[in-house]
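Structure first, then comments.
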Amino acid sequence: MNLVSRIRRFRFSGGGNSFWSIADQGLFAVSNFVLNLILARWLSASAYGAFSLAFTLFLLLGTVHTALVVEPLLVFGAGRHNANVGAYLRSVLNLHWVLAALLSLVLGALVFLWPSLRVQLGGTTLALMFAAPLILFQWLARRACYIDLQPALAARAGGVYLALTLALATLLFCTGALTPVTALLIMAAASVASAAQIFRTLLRSRRALELFPLHETWTQHWKYGKWALGAALLSFVPGNVAPFFLSFAHSLDAVGAYRALWNLLQPAMQLFTALGVMLLPTFRKQGAALSLRRWTGRLLLVALGYALLLAVFREPLLELLYGKKYLTYSRALILAGLVPLSSAVIAVLAAFLRAAELPRSVFWGYAGSAAFAVTGGLVLIWQAGVEGAVVAAVLSYALTAAVLLWATLHLRKRGARPG
(Lines give C-alpha, C1' and ligand atoms only; values in the text may rest on other atoms or scores of the structure.)
Protein backbone atom coordinates (compact mmCIF):
# COMPACT_ATOMS: atom_id res chain seq x y z
CA MET A 1 0.00 0.00 0.00
CA ASN A 2 1.54 3.33 -1.08
CA LEU A 3 1.67 6.45 1.08
CA VAL A 4 -1.32 8.15 -0.58
CA SER A 5 -3.48 5.08 -0.04
CA ARG A 6 -2.45 4.91 3.60
CA ILE A 7 -3.36 8.56 4.12
CA ARG A 8 -6.75 8.08 2.46
CA ARG A 9 -7.43 4.99 4.52
CA PHE A 10 -6.47 6.84 7.72
CA ARG A 11 -8.72 9.74 6.78
CA PHE A 12 -11.85 7.76 5.97
CA SER A 13 -11.44 5.31 8.84
CA GLY A 14 -11.87 8.22 11.26
CA GLY A 15 -8.18 8.55 12.11
CA GLY A 16 -7.98 11.97 10.51
CA ASN A 17 -10.88 13.26 12.57
CA SER A 18 -9.28 11.81 15.69
CA PHE A 19 -6.08 13.72 14.91
CA TRP A 20 -7.85 17.03 14.33
CA SER A 21 -10.07 16.53 17.37
CA ILE A 22 -6.99 16.01 19.51
CA ALA A 23 -5.33 19.02 17.86
CA ASP A 24 -8.40 21.16 18.54
CA GLN A 25 -8.60 20.24 22.20
CA GLY A 26 -4.83 20.38 22.54
CA LEU A 27 -4.46 23.91 21.21
CA PHE A 28 -7.14 25.35 23.49
CA ALA A 29 -5.95 23.26 26.43
CA VAL A 30 -2.32 24.35 25.97
CA SER A 31 -3.40 27.99 25.92
CA ASN A 32 -5.33 27.75 29.19
CA PHE A 33 -2.75 25.41 30.70
CA VAL A 34 0.13 27.84 30.05
CA LEU A 35 -1.94 30.76 31.31
CA ASN A 36 -2.69 28.84 34.52
CA LEU A 37 0.98 27.95 34.94
CA ILE A 38 2.02 31.58 34.57
CA LEU A 39 -0.55 32.68 37.14
CA ALA A 40 0.27 29.84 39.55
CA ARG A 41 4.00 30.52 39.36
CA TRP A 42 4.06 34.30 39.54
CA LEU A 43 1.02 35.17 41.63
CA SER A 44 0.89 34.50 45.34
CA ALA A 45 -0.88 31.30 46.36
CA SER A 46 -3.86 33.29 47.68
CA ALA A 47 -4.16 35.40 44.49
CA TYR A 48 -4.03 32.29 42.35
CA GLY A 49 -6.57 30.75 44.69
CA ALA A 50 -8.91 33.69 44.02
CA PHE A 51 -8.54 33.20 40.25
CA SER A 52 -9.16 29.46 40.66
CA LEU A 53 -12.30 30.11 42.67
CA ALA A 54 -13.59 32.53 40.01
CA PHE A 55 -12.79 30.09 37.23
CA THR A 56 -14.57 27.32 39.11
CA LEU A 57 -17.68 29.51 39.15
CA PHE A 58 -17.27 29.95 35.39
CA LEU A 59 -17.08 26.18 34.96
CA LEU A 60 -20.37 25.92 36.83
CA LEU A 61 -21.95 28.24 34.26
CA GLY A 62 -20.26 26.18 31.56
CA THR A 63 -21.88 22.96 32.74
CA VAL A 64 -25.35 24.54 32.44
CA HIS A 65 -24.55 25.99 29.02
CA THR A 66 -23.11 22.71 27.73
CA ALA A 67 -26.13 20.71 28.88
CA LEU A 68 -28.77 23.06 27.45
CA VAL A 69 -27.01 24.39 24.34
CA VAL A 70 -23.92 22.47 23.24
CA GLU A 71 -24.81 18.82 23.92
CA PRO A 72 -28.30 19.01 22.30
CA LEU A 73 -26.67 20.78 19.33
CA LEU A 74 -24.36 17.80 18.78
CA VAL A 75 -27.21 15.29 19.07
CA PHE A 76 -29.88 17.11 17.02
CA GLY A 77 -27.54 18.80 14.55
CA ALA A 78 -26.11 15.43 13.51
CA GLY A 79 -29.56 13.82 13.56
CA ARG A 80 -33.03 15.26 13.08
CA HIS A 81 -31.98 18.77 11.93
CA ASN A 82 -29.10 17.76 9.67
CA ALA A 83 -31.08 18.62 6.53
CA ASN A 84 -31.63 22.22 7.68
CA VAL A 85 -28.60 22.65 9.90
CA GLY A 86 -27.96 26.25 8.77
CA ALA A 87 -31.21 27.60 10.21
CA TYR A 88 -30.89 25.41 13.28
CA LEU A 89 -27.35 26.63 13.96
CA ARG A 90 -28.46 30.27 13.74
CA SER A 91 -31.26 29.60 16.21
CA VAL A 92 -28.87 27.87 18.60
CA LEU A 93 -26.52 30.86 18.40
CA ASN A 94 -29.37 33.16 19.47
CA LEU A 95 -30.21 30.79 22.31
CA HIS A 96 -26.58 30.94 23.45
CA TRP A 97 -26.56 34.73 23.86
CA VAL A 98 -29.85 34.77 25.77
CA LEU A 99 -28.87 31.96 28.13
CA ALA A 100 -25.28 33.16 28.63
CA ALA A 101 -26.47 36.65 29.58
CA LEU A 102 -28.96 35.22 32.09
CA LEU A 103 -26.29 32.97 33.60
CA SER A 104 -23.94 35.91 34.06
CA LEU A 105 -26.63 37.87 35.88
CA VAL A 106 -27.38 34.91 38.12
CA LEU A 107 -23.66 34.60 38.89
CA GLY A 108 -23.46 38.26 39.88
CA ALA A 109 -26.50 37.91 42.13
CA LEU A 110 -25.04 34.79 43.76
CA VAL A 111 -21.76 36.49 44.61
CA PHE A 112 -23.55 39.62 45.84
CA LEU A 113 -25.76 37.59 48.18
CA TRP A 114 -22.84 35.49 49.49
CA PRO A 115 -20.77 37.94 51.58
CA SER A 116 -17.71 35.74 52.17
CA LEU A 117 -17.50 34.88 48.46
CA ARG A 118 -17.86 38.57 47.55
CA VAL A 119 -14.93 39.45 49.82
CA GLN A 120 -12.70 36.69 48.39
CA LEU A 121 -13.39 37.47 44.71
CA GLY A 122 -13.68 41.27 44.80
CA GLY A 123 -13.49 42.87 41.35
CA THR A 124 -12.89 39.50 39.70
CA THR A 125 -16.66 38.96 39.75
CA LEU A 126 -17.39 41.78 37.28
CA ALA A 127 -14.65 40.57 34.94
CA LEU A 128 -16.08 37.07 35.09
CA MET A 129 -19.63 38.29 34.34
CA PHE A 130 -18.33 40.09 31.25
CA ALA A 131 -16.01 37.30 30.07
CA ALA A 132 -18.26 34.27 30.63
CA PRO A 133 -20.64 34.75 27.62
CA LEU A 134 -17.68 35.38 25.31
CA ILE A 135 -15.72 32.32 26.47
CA LEU A 136 -18.87 30.18 26.19
CA PHE A 137 -19.30 31.56 22.64
CA GLN A 138 -16.00 29.90 21.85
CA TRP A 139 -17.11 26.62 23.46
CA LEU A 140 -20.22 26.60 21.26
CA ALA A 141 -18.30 27.44 18.09
CA ARG A 142 -15.79 24.64 18.59
CA ARG A 143 -18.47 22.03 19.20
CA ALA A 144 -20.51 23.19 16.20
CA CYS A 145 -17.64 22.00 14.01
CA TYR A 146 -18.37 18.42 15.10
CA ILE A 147 -21.91 18.30 13.68
CA ASP A 148 -20.48 17.18 10.31
CA LEU A 149 -17.19 15.98 11.84
CA GLN A 150 -15.06 19.01 10.91
CA PRO A 151 -12.59 19.20 13.82
CA ALA A 152 -9.95 20.64 11.46
CA LEU A 153 -11.91 23.90 11.40
CA ALA A 154 -11.95 24.00 15.19
CA ALA A 155 -8.23 23.23 15.29
CA ARG A 156 -7.42 26.18 12.99
CA ALA A 157 -9.38 28.47 15.28
CA GLY A 158 -7.46 26.92 18.16
CA GLY A 159 -4.25 28.21 16.59
CA VAL A 160 -5.69 31.74 16.63
CA TYR A 161 -6.72 31.33 20.25
CA LEU A 162 -3.30 30.03 21.27
CA ALA A 163 -1.41 32.82 19.53
CA LEU A 164 -3.60 35.58 20.97
CA THR A 165 -3.63 34.15 24.49
CA LEU A 166 0.13 33.76 24.72
CA ALA A 167 0.83 37.14 23.08
CA LEU A 168 -1.53 39.04 25.38
CA ALA A 169 -0.41 37.15 28.49
CA THR A 170 3.25 37.84 27.68
CA LEU A 171 2.55 41.53 27.07
CA LEU A 172 0.65 41.94 30.35
CA PHE A 173 3.21 39.92 32.30
CA CYS A 174 6.08 42.04 31.00
CA THR A 175 4.24 45.24 31.95
CA GLY A 176 3.29 43.89 35.39
CA ALA A 177 -0.44 44.01 34.57
CA LEU A 178 -1.19 40.28 34.62
CA THR A 179 -3.79 39.69 37.34
CA PRO A 180 -6.80 37.38 37.77
CA VAL A 181 -9.00 40.09 36.22
CA THR A 182 -6.82 40.66 33.15
CA ALA A 183 -6.36 36.90 32.73
CA LEU A 184 -10.14 36.51 32.31
CA LEU A 185 -10.21 39.40 29.83
CA ILE A 186 -7.42 37.75 27.82
CA MET A 187 -9.48 34.56 27.57
CA ALA A 188 -12.54 36.56 26.50
CA ALA A 189 -10.73 38.49 23.74
CA ALA A 190 -9.06 35.39 22.32
CA SER A 191 -12.37 33.50 22.47
CA VAL A 192 -14.23 36.09 20.40
CA ALA A 193 -11.53 36.20 17.72
CA SER A 194 -11.38 32.42 17.31
CA ALA A 195 -15.15 31.78 17.55
CA ALA A 196 -16.04 34.49 15.03
CA GLN A 197 -13.76 32.79 12.50
CA ILE A 198 -15.58 29.47 12.98
CA PHE A 199 -19.11 30.86 12.66
CA ARG A 200 -18.25 32.88 9.56
CA THR A 201 -17.18 29.66 7.87
CA LEU A 202 -20.02 27.48 9.14
CA LEU A 203 -22.88 29.87 8.40
CA ARG A 204 -21.52 30.85 4.99
CA SER A 205 -21.44 27.18 3.93
CA ARG A 206 -24.89 26.33 5.34
CA ARG A 207 -27.74 28.24 3.71
CA ALA A 208 -30.90 28.32 5.82
CA LEU A 209 -33.70 26.51 3.97
CA GLU A 210 -36.35 27.79 6.40
CA LEU A 211 -36.54 29.73 9.65
CA PHE A 212 -36.05 27.90 12.92
CA PRO A 213 -37.89 29.70 15.77
CA LEU A 214 -35.96 30.28 18.98
CA HIS A 215 -38.80 28.97 21.16
CA GLU A 216 -38.83 25.70 19.21
CA THR A 217 -35.09 25.31 19.70
CA TRP A 218 -35.44 25.97 23.42
CA THR A 219 -38.31 23.46 23.74
CA GLN A 220 -36.31 20.69 22.06
CA HIS A 221 -33.11 21.51 23.94
CA TRP A 222 -34.90 21.60 27.29
CA LYS A 223 -36.71 18.30 26.63
CA TYR A 224 -33.36 16.63 26.00
CA GLY A 225 -31.21 18.81 28.21
CA LYS A 226 -33.15 18.68 31.47
CA TRP A 227 -31.62 15.28 32.17
CA ALA A 228 -28.30 16.31 30.66
CA LEU A 229 -28.36 19.40 32.91
CA GLY A 230 -28.78 17.24 35.99
CA ALA A 231 -25.92 15.03 34.84
CA ALA A 232 -23.77 18.08 34.05
CA LEU A 233 -24.34 19.67 37.46
CA LEU A 234 -23.62 16.38 39.17
CA SER A 235 -20.47 15.86 37.06
CA PHE A 236 -19.33 19.33 38.13
CA VAL A 237 -19.40 18.39 41.81
CA PRO A 238 -16.59 15.76 42.19
CA GLY A 239 -13.79 17.82 40.70
CA ASN A 240 -14.98 21.32 41.57
CA VAL A 241 -16.67 21.30 44.96
CA ALA A 242 -13.23 21.14 46.60
CA PRO A 243 -12.17 24.76 45.81
CA PHE A 244 -15.32 26.14 47.44
CA PHE A 245 -15.00 24.06 50.58
CA LEU A 246 -11.23 24.55 50.81
CA SER A 247 -11.71 28.33 50.68
CA PHE A 248 -14.09 28.26 53.64
CA ALA A 249 -12.65 25.40 55.71
CA HIS A 250 -8.99 26.26 55.11
CA SER A 251 -7.74 29.17 52.94
CA LEU A 252 -7.31 30.55 49.44
CA ASP A 253 -3.74 29.21 49.61
CA ALA A 254 -5.19 25.69 49.81
CA VAL A 255 -7.42 26.44 46.82
CA GLY A 256 -4.35 27.52 44.84
CA ALA A 257 -2.45 24.36 45.80
CA TYR A 258 -5.34 22.08 44.82
CA ARG A 259 -5.75 23.82 41.46
CA ALA A 260 -1.99 23.66 40.86
CA LEU A 261 -2.15 19.85 41.21
CA TRP A 262 -5.31 19.68 39.09
CA ASN A 263 -3.54 21.61 36.32
CA LEU A 264 -1.17 18.67 35.85
CA LEU A 265 -4.10 16.31 35.17
CA GLN A 266 -5.54 18.53 32.47
CA PRO A 267 -3.51 17.37 29.43
CA ALA A 268 -4.83 13.81 29.76
CA MET A 269 -8.36 14.81 30.75
CA GLN A 270 -8.62 17.36 27.92
CA LEU A 271 -7.52 14.66 25.51
CA PHE A 272 -10.28 12.35 26.71
CA THR A 273 -12.82 15.19 26.52
CA ALA A 274 -11.82 15.82 22.89
CA LEU A 275 -12.26 12.19 21.94
CA GLY A 276 -15.55 12.00 23.85
CA VAL A 277 -16.89 14.97 21.86
CA MET A 278 -15.82 13.32 18.60
CA LEU A 279 -17.34 9.99 19.58
CA LEU A 280 -20.81 11.37 20.36
CA PRO A 281 -21.82 12.26 16.76
CA THR A 282 -19.77 9.30 15.49
CA PHE A 283 -21.69 6.86 17.69
CA ARG A 284 -24.86 8.65 16.61
CA LYS A 285 -24.22 8.11 12.92
CA GLN A 286 -22.45 4.75 12.96
CA GLY A 287 -24.05 3.16 16.03
CA ALA A 288 -22.60 -0.16 17.12
CA ALA A 289 -20.13 -0.27 14.22
CA LEU A 290 -17.53 1.14 16.60
CA SER A 291 -16.11 -1.03 19.34
CA LEU A 292 -16.60 0.30 22.84
CA ARG A 293 -13.98 -2.10 24.09
CA ARG A 294 -11.41 -0.84 21.59
CA TRP A 295 -11.90 2.84 22.42
CA THR A 296 -12.01 2.24 26.15
CA GLY A 297 -8.86 0.14 26.02
CA ARG A 298 -6.94 2.76 24.05
CA LEU A 299 -7.84 5.57 26.40
CA LEU A 300 -7.09 3.48 29.49
CA LEU A 301 -3.64 2.69 28.14
CA VAL A 302 -2.92 6.40 27.65
CA ALA A 303 -4.24 7.20 31.13
CA LEU A 304 -2.09 4.52 32.76
CA GLY A 305 1.05 5.84 31.07
CA TYR A 306 0.19 9.36 32.16
CA ALA A 307 -0.36 8.28 35.77
CA LEU A 308 3.03 6.56 35.83
CA LEU A 309 4.66 9.68 34.37
CA LEU A 310 3.22 11.86 37.12
CA ALA A 311 4.22 9.39 39.84
CA VAL A 312 7.84 9.05 38.70
CA PHE A 313 8.55 12.69 37.84
CA ARG A 314 6.22 14.44 40.30
CA GLU A 315 8.85 16.48 42.19
CA PRO A 316 10.82 17.66 39.13
CA LEU A 317 7.55 18.59 37.42
CA LEU A 318 6.25 20.59 40.36
CA GLU A 319 9.56 22.42 40.79
CA LEU A 320 9.92 23.10 37.07
CA LEU A 321 6.42 24.53 36.74
CA TYR A 322 5.85 26.25 40.08
CA GLY A 323 9.25 26.56 41.73
CA LYS A 324 9.24 25.25 45.29
CA LYS A 325 5.83 26.71 46.12
CA TYR A 326 3.85 23.44 45.95
CA LEU A 327 6.54 20.79 46.47
CA THR A 328 5.02 19.73 49.80
CA TYR A 329 2.08 18.27 47.85
CA SER A 330 4.14 15.92 45.68
CA ARG A 331 2.76 12.79 47.39
CA ALA A 332 -0.79 13.92 46.67
CA LEU A 333 0.10 14.08 42.97
CA ILE A 334 0.58 10.28 42.92
CA LEU A 335 -3.03 9.79 43.99
CA ALA A 336 -4.26 12.54 41.68
CA GLY A 337 -2.80 10.61 38.76
CA LEU A 338 -5.52 7.98 39.24
CA VAL A 339 -8.26 10.42 38.21
CA PRO A 340 -7.48 10.24 34.44
CA LEU A 341 -7.96 6.45 34.55
CA SER A 342 -11.60 6.90 35.52
CA SER A 343 -11.93 9.92 33.23
CA ALA A 344 -10.94 7.78 30.23
CA VAL A 345 -13.73 5.30 30.92
CA ILE A 346 -16.26 8.07 31.56
CA ALA A 347 -15.47 9.85 28.27
CA VAL A 348 -16.27 6.81 26.11
CA LEU A 349 -19.24 5.44 28.02
CA ALA A 350 -20.93 8.83 28.49
CA ALA A 351 -20.62 9.53 24.74
CA PHE A 352 -22.20 6.15 23.97
CA LEU A 353 -25.13 6.69 26.33
CA ARG A 354 -25.74 10.28 25.17
CA ALA A 355 -25.68 9.21 21.53
CA ALA A 356 -28.41 6.72 22.42
CA GLU A 357 -30.41 9.73 23.72
CA LEU A 358 -30.14 8.37 27.26
CA PRO A 359 -28.79 11.37 29.21
CA ARG A 360 -30.85 10.04 32.12
CA SER A 361 -28.40 7.14 32.44
CA VAL A 362 -25.50 9.60 32.55
CA PHE A 363 -27.39 11.59 35.17
CA TRP A 364 -27.61 8.57 37.48
CA GLY A 365 -23.99 7.79 36.73
CA TYR A 366 -22.97 11.09 38.29
CA ALA A 367 -25.57 11.08 41.07
CA GLY A 368 -23.74 8.64 43.34
CA SER A 369 -20.36 10.32 42.98
CA ALA A 370 -21.86 13.76 43.63
CA ALA A 371 -23.57 12.44 46.75
CA PHE A 372 -20.27 11.07 47.99
CA ALA A 373 -18.41 14.30 47.13
CA VAL A 374 -20.71 16.43 49.30
CA THR A 375 -20.73 13.96 52.21
CA GLY A 376 -17.68 11.78 52.60
CA GLY A 377 -15.67 14.07 50.31
CA LEU A 378 -16.30 17.12 52.48
CA VAL A 379 -15.29 15.15 55.56
CA LEU A 380 -12.01 14.23 53.86
CA ILE A 381 -11.40 17.87 52.90
CA TRP A 382 -12.19 19.08 56.40
CA GLN A 383 -9.81 16.57 57.98
CA ALA A 384 -6.95 16.49 55.46
CA GLY A 385 -7.17 19.69 53.41
CA VAL A 386 -5.65 19.47 49.93
CA GLU A 387 -4.72 15.79 50.29
CA GLY A 388 -8.27 14.97 51.40
CA ALA A 389 -9.65 16.83 48.38
CA VAL A 390 -7.49 14.71 46.06
CA VAL A 391 -8.64 11.45 47.67
CA ALA A 392 -12.28 12.58 47.41
CA ALA A 393 -11.85 13.35 43.69
CA VAL A 394 -10.26 9.94 42.99
CA LEU A 395 -13.09 8.07 44.73
CA SER A 396 -15.82 10.18 43.11
CA TYR A 397 -14.54 9.69 39.56
CA ALA A 398 -14.10 5.94 40.13
CA LEU A 399 -17.68 5.66 41.33
CA THR A 400 -18.99 7.48 38.23
CA ALA A 401 -17.02 5.18 35.92
CA ALA A 402 -18.40 2.09 37.67
CA VAL A 403 -22.03 3.22 37.37
CA LEU A 404 -21.68 4.21 33.69
CA LEU A 405 -20.09 0.84 32.96
CA TRP A 406 -23.06 -0.92 34.53
CA ALA A 407 -25.52 1.23 32.53
CA THR A 408 -23.70 0.56 29.25
CA LEU A 409 -23.54 -3.20 29.80
CA HIS A 410 -27.24 -3.19 30.65
CA LEU A 411 -28.03 -1.24 27.46
CA ARG A 412 -26.02 -3.56 25.24
CA LYS A 413 -27.52 -6.63 26.89
CA ARG A 414 -30.95 -5.39 25.77
CA GLY A 415 -29.60 -5.06 22.22
CA ALA A 416 -30.11 -1.29 22.08
CA ARG A 417 -27.65 0.97 20.32
CA PRO A 418 -27.20 4.64 19.31
CA GLY A 419 -28.68 5.99 16.11
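Tabulated values for the structure
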quantity: Residues satisfying the stated conditions in the stretch 190-226, i.e. at pLDDT 80 or above and open to solvent by less than 20 Å² (accessible area, probe 1.4 Å); calculated: 190, 191, 194, 195, 198, 199, 217, 221, 224, 225
quantity: Flag for residue 169 being at pLDDT 85 or above, closer than 21 Å to residue 48 by Cβ and surrounded by 17 or more Cβ atoms within 10 Å (Cβ to Cβ); calculated: yes
quantity: Flag if residue 88 is among the hydroxyl-bearing types (Ser, Thr, Tyr) and at pLDDT 85 or above; calculated: no
quantity: Residue count, the stretch 117-174 (criterion: of a type in the set (Gly, Ala, Ser) and within 29 Å of residue 246 (Cβ to Cβ)); calculated: 6
quantity: Candidate set: the stretch 1-58, residues that are part of a loop (DSSP other than H, G, I, E, B) and at pLDDT 70 or above; chosen: the one surrounded by the most Cβ atoms within 10 Å (Cβ to Cβ); calculated: 43
quantity: Top-ranked residue of the stretch 351-390 - restricted to ones that are open to solvent by 30 Å² or more (accessible area, probe 1.4 Å) and not in a helix (DSSP H, G or I), ranked as farthest from residue 339 (Cα to Cα); calculated: 357
quantity: Test: residue in the stretch 295-302 that is aromatic (Phe, Trp, Tyr), crowded, with 21+ Cβ neighbours inside 10 Å and under 22 Å from the mean Cα position of the chain (by Cα); calculated: yes
quantity: Number of the condition not met by residue 268 [criteria: (1) modelled with pLDDT of 85 or more; (2) buried (at least 19 other Cβ atoms within 10 Å of the Cβ); (3) out of contact with any Ser or Thr (no Cβ under 8 Å at 6 or more places or on another chain); (4) closer than 27 Å to residue 157 by Cα]; calculated: (3)
quantity: Subset tally (residues that are assigned to a helix (DSSP H, G or I) and open to solvent by 20 Å² or more (accessible area, probe 1.4 Å)) for the stretch 241-258; calculated: 7
quantity: Selected residue (only one of 284, 293, 314, 298 is out of contact with any His (no Cβ under 6 Å at 6 or more places or on another chain), modelled with pLDDT of 90 or more and of a type in the set (D, E, K, R)); calculated: 314
quantity: Residue in the stretch 104-136 that is most open to solvent (accessible area, probe 1.4 Å), counting only those that are under 21 Å from residue 192 (Cα atoms) and touching a Gly at 6+ places or on another chain (Cβ under 9 Å); calculated: 126
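The values are calculated or read from the model by the stated rules, or taken from the named source; none is laboratory data. What you see is a predicted model; the values in this text were computed from it and never measured. Virtual Cβ from ideal backbone geometry, glycine too; neighbours counted across all protein chains shown. When the accessible area is computed, the model is the full protein with side chains, heavy atoms only, and any ligands, DNA or RNA have been set aside. Shrake-Rupley method; radii C 1.70, N 1.55, O 1.52, S 1.80 Å.
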